[in-house]
Amino acid sequence: MLIRRPSDIPSSDITPESLYWSRRDWLASLGLGLAGGLGLPGLWGAQDQLKPDSWDIITGYNNFYEFGTGKDDPKANAHTLRPRPWSIAVEGEVKRPAVYSVDDIFKGLTPQERIYRHRCVEAWSMVAPWFGYPLRDVIKRLEPGSKAKYVEFVTLLDPVQMPGQRRSVLDWPYVEGLRMDEAMHPLTLLTVGIYGKPIPNQNGAPVRLTVPWKYGFKSIKSIVKIRFVEQQPHNTWAIAAPDEYGFYANVNPNVDHPRWSQAKERPLGQLFKKPTLMFNGYGDQVASLYAGMDLRANF
Amino acid sequence: MTEAQLIRRVVKPVIWLAGLTPLGYQVWAFLTGHLEAEPVKGMEHFTGRTALVILFITLAITPLRRVTRRNSLIKLRRLLGLFAFFYGLVHFTIFLVFDLELSFGDLAHEVMKRPYITVGFSVLLLLSVLAATSPQFMVRKLGKRWQSLHRIIYLAAAGGVLHFLWAQKKDIRLPLIYAAVLAGLLLFRLIPLRVFAPPARPARTPAGVR
């Protein structure tokens, strides 16, 4: 079987970062901007401040314990992951439960580029040009039933492909979940690329979640299962340290982690911190999801 | 060269050079952009680990002295201890400048609120006391009390390891290794001194007989 791996993609298919930027400048010079083409006005906030970090930063500094607990471990170790062929099991309160190949599940949908702020619960941050499909488009075609109140996601469990799983530093497999309205929010992405290239293994190939208003650990990587459920699902870090990590994990500068302040964040590569924005700067689009909720209790 | 000369002219300069090497490496990495993607965290971890390692080397002098029965090694202890304090101070300064942006109000808040910082800051205070009482005239002035005072290095080392352990998110392998090393260094001190006494010398052969 021919398995196309990122390394097999001819270099002619890959947009060099410099060309990516020059295209971007060219688009800007035509006055198109980024937001206009995507029909999501206001999404980008102060667009000129949202310059993505470099490919090397985004793909070289990762929390992906399945490949080791050090930030540079995933880049060094994730070559053992085989992102193709890859199947995703859809289960639970849904009309079309099935095992889909990663290519079939997106067939016919339009991928989009989204430049998002990414805020880690450890108080560092970056900006990444993700490439993917709004989760809502996928959910709509799967047709969840009325009992589907939450969506649960599961990462691959395979200690051969993911050697970090040989140590029980976390409960494997990694699991995460979203409330249905969070999952259906237009900002929520199933991400398959960065800088227009296939997403590298260390960033969660072949498909990961991106929820830009929540701490990074919500954005589960290398997804093999999507389950529609009635009860709030467990999520791995809340299992590991329930007093430190919650289910909601919305970026919130006013609610500290027990061991450090969340009021500020340090952009990767920089010496000084900058203030963290409520909902990571996406409050005008997502704050209504949590109206009336005590965000201190539901951290 | 006598042993005292060897220590003064060779061993101590080597310790100075080795002791300044981690700092030199950090300055080089800082100036040439070789720090990791989270530069401040990288510098904090590096200087903190360096402080602990040098503290362990300081605590290894006594065991080494007993095993080798070279009492002159004691002359290295103060210099090593001061280097450990120095890296602790650099570690704290990086935190104060880059994380707290020199806000002493924030410092008070963090020290009061976060146990691992409470412990880390206490260790720095303990080491400051040891550093301040390390000159010869202080040793003379304090007399017998100096020795009891300087036993707080054990507390400082244990606090340093606890601070390291508590700062971890999940993976505590490295702090546990540090804890094991410290436990070894402290347990060694429980071995009775007579174990290290020189073996009884054989009766000397009478003069003139070979």
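Does residue A:196 qualify as being modelled with pLDDT under 95 and away from chain B (no Cβ under 14 Å)? So residue A:196 passes the test. Of all the residues in region B:23-56, those that are under 26 Å from residue A:119 (Cβ atoms), aromatic (Phe, Trp, Tyr) and surrounded by fewer than 20 Cβ atoms within 10 Å (Cβ to Cβ) number 1. Select from region B:62-77 the residues that are among the charged types (D, E, K, R) and surrounded by fewer than 18 Cβ atoms within 10 Å (Cβ to Cβ) and list them in ascending order. Selection gives B:65, B:69, B:70, B:75.
The set of residues in region A:172-213 being basic (Lys, Arg) and more than 11 Å from the chain's Cα centre (by Cα) consists of A:179, A:197. For the residues B:153, B:177, the requirement of being of a type in the set (Val, Ile, Thr), surrounded by 14 or more Cβ atoms within 10 Å (Cβ to Cβ) and assigned to a helix (DSSP H, G or I) singles out B:153.
Within region B:157-177, residues that are closer than 15 Å to residue B:126 by Cα and within 13 Å of chain A (Cβ to nearest Cβ) sit with their Cβ atoms under 7 Å from residues that are of a type in the set (A, V, I, L, M, F, W, C) and part of a helix (DSSP H, G or I), at 6+ positions apart or across chains, in these pairs: B:163/B:119; B:163/B:123. Taking region A:120-177 as the range and being farther than 27 Å from residue A:103 by Cα and surrounded by 17 or more Cβ atoms within 10 Å (Cβ to Cβ) as the test, the residues that pass are A:120, A:121, A:122, A:123, A:124, A:125, A:126, A:169, A:170.
Against the test of being farther than 30 Å from residue A:72 by Cα, surrounded by fewer than 16 Cβ atoms within 10 Å (Cβ to Cβ) and away from every other protein chain (no Cβ under 14 Å), the options B:6, B:59, B:80 yield a single qualifying residue, B:6. Could you tell me how many of the residues in region A:114-162 are more than 14 Å from every other protein chain (Cβ to nearest Cβ), within 12 Å of the chain's Cα centre (by Cα) and in a loop (DSSP other than H, G, I, E, B)? Qualifying residue count for the region: 0. Residues in region A:270-294 that are over 21 Å from the mean Cα position of the chain (by Cα) and either within 30 Å of residue A:60 (Cβ to Cβ) or at the interface with chain B (Cβ under 10 Å from one of its Cβ atoms) (or both) were compared, and the one that is surrounded by the fewest Cβ atoms within 10 Å (Cβ to Cβ) is A:275. Restricted to region B:52-143, the set of helices (runs of 4 or more DSSP H) holding at least 3 residues that are within 12 Å of the chain's Cα centre (by Cα) comprises B:77-94, B:115-132. Residues of region A:86-124 that are among the aliphatic types (A, V, I, L, M) and within 28 Å of residue A:251 (Cα to Cα): A:115, A:121, A:123.
Would you mind stating whether residue A:211 is surrounded by 24 or more Cβ atoms within 10 Å (Cβ to Cβ) and either in contact with a Leu (Cβ under 9 Å, 6 or more places away or on another chain) or closer than 19 Å to residue A:148 by Cα (or both)? Criteria met by residue A:211.
Inspect all residues belonging to region A:221-241 and state whether any of them is more than 19 Å from the chain's Cα centre (by Cα), under 30 Å from residue B:102 (Cβ atoms), within 13 Å of chain B (Cβ to nearest Cβ) and in contact (Cβ under 8 Å) with a residue 12 or more places away in the chain. No - not one qualifying residue is present in region A:221-241.
Spot the failing condition for residue A:213; the list is (1) under 26 Å from residue B:36 (Cα atoms); (2) of a type outside the set (Val, Ile, Thr); (3) within 14 Å of chain B (Cβ to nearest Cβ), and only one is missed. Residue A:213 satisfies every listed condition except (3).
Per this entry, residue B:148 is counted among residues that are exposed (fewer than 11 other Cβ atoms within 10 Å of the Cβ), under 20 Å from residue B:60 (Cα atoms) and modelled with pLDDT of 90 or more. Residue count for region A:248-258 under the criterion of being part of a strand (DSSP E or B) and touching a Lys or Arg at 6+ places or on another chain (Cβ under 7 Å): the result is 1. Per the conditions (1) part of a loop (DSSP other than H, G, I, E, B); (2) within 14 Å of chain B (Cβ to nearest Cβ); (3) surrounded by fewer than 16 Cβ atoms within 10 Å (Cβ to Cβ), the sole criterion not satisfied by residue A:245 is (3).
Take the conditions (1) more than 27 Å from residue A:175 (Cβ to Cβ); (2) more than 14 Å from every other protein chain (Cβ to nearest Cβ); (3) small (Gly, Ala, Ser); residue A:263 misses just one of them, which is (2).
Going by the conditions given, is residue B:110 without any contact (Cβ under 8 Å) to a residue 24 or more places away in the chain, within 13 Å of chain A (Cβ to nearest Cβ) and surrounded by fewer than 14 Cβ atoms within 10 Å (Cβ to Cβ)?
no
From the list B:12, B:41, the one residue that fits, being out of contact with any Pro (no Cβ under 7 Å at 6 or more places or on another chain) and within 30 Å of residue A:265 (Cα to Cα), is B:41. Picking from residues in region B:18-50 that are more than 27 Å from residue B:161 (Cβ to Cβ) and in a helix (DSSP H, G or I), the one that is modelled with the highest pLDDT is B:28.
Checked against the criterion of being within 25 Å of residue A:94 (Cβ to Cβ), touching a helix residue (DSSP H, G or I) at 6+ places or on another chain (Cβ under 6 Å) and crowded, with 21+ Cβ neighbours inside 10 Å, region A:218-231 has no qualifying residue.
The values are calculated or read from the model by the stated rules, or taken from the named source; none is laboratory data. Remember, it's a predicted structure, so these values are computed and weren't measured experimentally. With ideal geometry, Cβ positions are generated from the backbone for all residues, glycine too; neighbour counts draw on all protein chains shown.
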